[in-house]
Every structure is written in structure tokens, then in C-alpha cells.
Amino acid sequence: MAPVVVVARLTVQEASRRRLLLALVILTLIVVGFSAWGFHKITELAQAGEAQLISSQLLIVVTFMFSGVLALSAAVVAGPLISSEVESGLLLAVLARPVRRSEIVIGKWLGLAVLVAIYAGAAGLLEMLAVDWATGYVPPHPIQLIVYVAVEGLALLSLGLVLSTRLSGITGGVIALVAWLMGWIGGVVGGFGAALQNDAVEDIGIISRLILPSDGLWRGAVFAMEPDAVLAQLRLGGTLARANPFAAVDPPPIAFLAWVAVWFATMLALSIWSFRTREI
């Protein structure tokens, strides 16, 4: 078995034993249950068409909460991914064997990436099934929705991994989380710049998405949830609709998605280089 696969499997096993994962699963089930009850109450207070329209907007808010939880969890788990094993001396024993540092980095990233993808897929599917059961509403692009949320979590995982090669677990996790919040705020500021047709302010959002593409991925998830009726109303509003952080008039451009792929490759390469040049 390739060393990368072995490291990935061990990473999955180690993460699965943590109480954080169990707590995350329990809280997710509780949130899905309460949201299903809340969506069901909407059908008792509104007509069928209105209920689905309201559900589409509330689902965006619920999904934002899930994406935030996923980003927080990815940052917290990735923060000590390398640093904790360096501090404990465990990596000295591992690196004494014929295992490259690049294989350790890639294996750990793959292991946690599998968990992030599983959580995003399972939580997204459960929430959409709950909404469908309660109101009969299903997002127009459910697969794209799950993919965008999962990739957003992977972005925080990748950033946390880079920081973990140089900083302590707590420091790296906090920096990654703050970066996610600043990226979202930068996207909001850029949206206001687009609404006001102020290029200088709009550039703030563009730059923040280039540094950390999480907000751009979030807008892609929002677009995947918006029904045609909502999109039509947003487009009638012109540039003002871009000021809403919970709305997306257009899907992410192909150029941005290409940049996301380049960004991931850069983060992984930077993690490998940083770990190779670190003295243990």
C-alpha cells in the first residue's frame, strides 16, 4: 500500500476517534430535526407557492450555518495536523522510515478531505430531504450546492494545513478561522461596491476572493439554491442585488473556478515546501 494511502487512512481513523466529530454529528442531527419542524410550520402559515419561496430563502440561511460549522471544524482539525505531531516527537519516528515529507502532507490532506466531503454530502442531503419532506421544496441544483459547500470546507482545510507546518495548532486554527471571516466580510464589502458601482470598493471583494476563495464558493452555493422566480426578481433589481451576502445573481465565472483549482494546487505545494524546509 502506498505511503500516501496509509497516512490518509490513519488520519481518518485518528480524526474519527475525536469527540469533535461525534459532537458535530449529534449537533447536525439536532439542527436538521429542528429545521424540519420549522419548515413544516411554514406550510401551516402560508400557501404552497409562498411556502416554497420562503423555504428557498430560509434554506440559504441554514446552509450558511452549516458552511460556517464546516469551515470552523476544518480549521480546528487542520490547525494541529502537522504541528502537534512535530511537538510530540511522533513525526521523528515516522520520518525515520522511508516516508517522504510530501507523502505525509498529501496523505493527511486526503484523509481529512474525505471526512469533509462526507460531512458536506451527508449534512446537505439530510437537510434537503428534511426540507423536501416539510415543504416539498428542492433546490434547483442540489449537487452543485453540496459541491460548493464541500470545496469551501476544503479551502479552510488547505489553509489550515499550510499554517500547521509552521505554527502551533491553536494559532493556526484561529488564523484560518479569522481568514474565513475576513474573506466573507471582504465579499460583503465587494458586493456593496458592485451595488454602488464603486470599482475601488468592489476590488476589495475581488482581492479577498483571490486570496481565499471561500466567499466566491459560498456565492456559488447560494446561486445553486435560488429558484428562477427569485433570480428574476434579483435581476430586476439591477446592481443593488449584489449587496446582499445571501443572494447571487450569477454563478461563479469559469475563470474564478479555474483560479480555485490553481489556489488548491498552490496551497498544497506551499504546505509541502514549508514542511520540507522545517527543522524537526
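The values are calculated or read from the model by the stated rules, or taken from the named source; none is laboratory data. Just so it is clear, the structure is predicted and the values come from calculations on it, not from any experiment. Backbone-built Cβ (ideal geometry, glycine too); neighbour counts: all protein chains shown.
For residues that are of a type in the set (S, T, N, Q) and farther than 25 Å from Gln57 by Cα, tally how many sit in segment 230-268. Final tally of qualifying residues: 1.
The set of residues in segment 142-197 being of a type in the set (Val, Ile, Thr) and more than 19 Å from the chain's Cα centre (by Cα) consists of Thr165, Ile170, Thr171, Val189. If we scan segment 127-148, do we find a residue that is within 15 Å of Val77 (Cα to Cα) and either buried (at least 24 other Cβ atoms within 10 Å of the Cβ) or touching a Leu at 6+ places or on another chain (Cβ under 6 Å) (or both)? No - not one qualifying residue is present in segment 127-148. Please enumerate the residues belonging to segment 164-214 that are among the aromatic types (Phe, Trp, Tyr), at pLDDT 90 or above and over 23 Å from Ser274 (Cβ atoms). The one that is among the aromatic types (Phe, Trp, Tyr), at pLDDT 90 or above and over 23 Å from Ser274 (Cβ atoms): Trp184.
Of the residues that sit in segment 14-56 and are touching a residue at least 24 places away in the same chain (Cβ under 8 Å) and among the polar types (S, T, N, Q), which one is nearest to Leu157 (Cα to Cα)? Checked segment 14-56; the qualifying residue nearest to Leu157 (Cα to Cα) is Ser16. Of the listed requirements (1) part of a loop (DSSP other than H, G, I, E, B); (2) over 27 Å from Val62 (Cβ atoms), Ser271 misses just one: (1). Please work out which residue is modelled with the lowest pLDDT, limiting yourself to segment 1-40 and to residues that are over 24 Å from Gly124 (Cα atoms), hydrophobic (A, V, I, L, M, F, W, C) and surrounded by fewer than 18 Cβ atoms within 10 Å (Cβ to Cβ). Top of the filtered list is Met1. Annotation note: of Phe256, Phe192, the sole residue that is without any contact (Cβ under 8 Å) to a residue 60 or more places away in the chain, part of a helix (DSSP H, G or I), over 30 Å from Ser102 (Cβ atoms) and among the aromatic types (Phe, Trp, Tyr) is Phe192. Kindly evaluate Ala247 against the criterion of being of a type outside the set (Ser, Thr, Tyr) and either in contact with a His (Cβ under 6 Å, 6 or more places away or on another chain) or not in a helix (DSSP H, G or I) (or both). When the stated conditions are applied, Ala247 passes them. Annotation note: of Val77, Val116, the sole residue that is of a type in the set (Val, Ile, Thr), modelled with pLDDT of 80 or more, crowded, with 17+ Cβ neighbours inside 10 Å and in contact with a Gly (Cβ under 7 Å, 6 or more places away or on another chain) is Val116. When Ala229 is tested against (1) without any contact (Cβ under 8 Å) to a residue 60 or more places away in the chain; (2) surrounded by fewer than 20 Cβ atoms within 10 Å (Cβ to Cβ); (3) touching a helix residue (DSSP H, G or I) at 6+ places or on another chain (Cβ under 7 Å), only condition (1) is not met.
With respect to the conditions (1) at pLDDT 85 or above; (2) crowded, with 17+ Cβ neighbours inside 10 Å, Thr43 lacks only one, and its number is (1). Scanning segment 249-271 turns up one or more residues that are modelled with pLDDT under 90, surrounded by 17 or more Cβ atoms within 10 Å (Cβ to Cβ) and either of a type in the set (D, E, K, R) or closer than 15 Å to Gly191 by Cβ (or both).
Residues in segment 195-222 that are surrounded by fewer than 20 Cβ atoms within 10 Å (Cβ to Cβ), assigned to a helix (DSSP H, G or I) and in contact (Cβ under 8 Å) with a residue 24 or more places away in the chain: Ala195, Leu210, Ile211.
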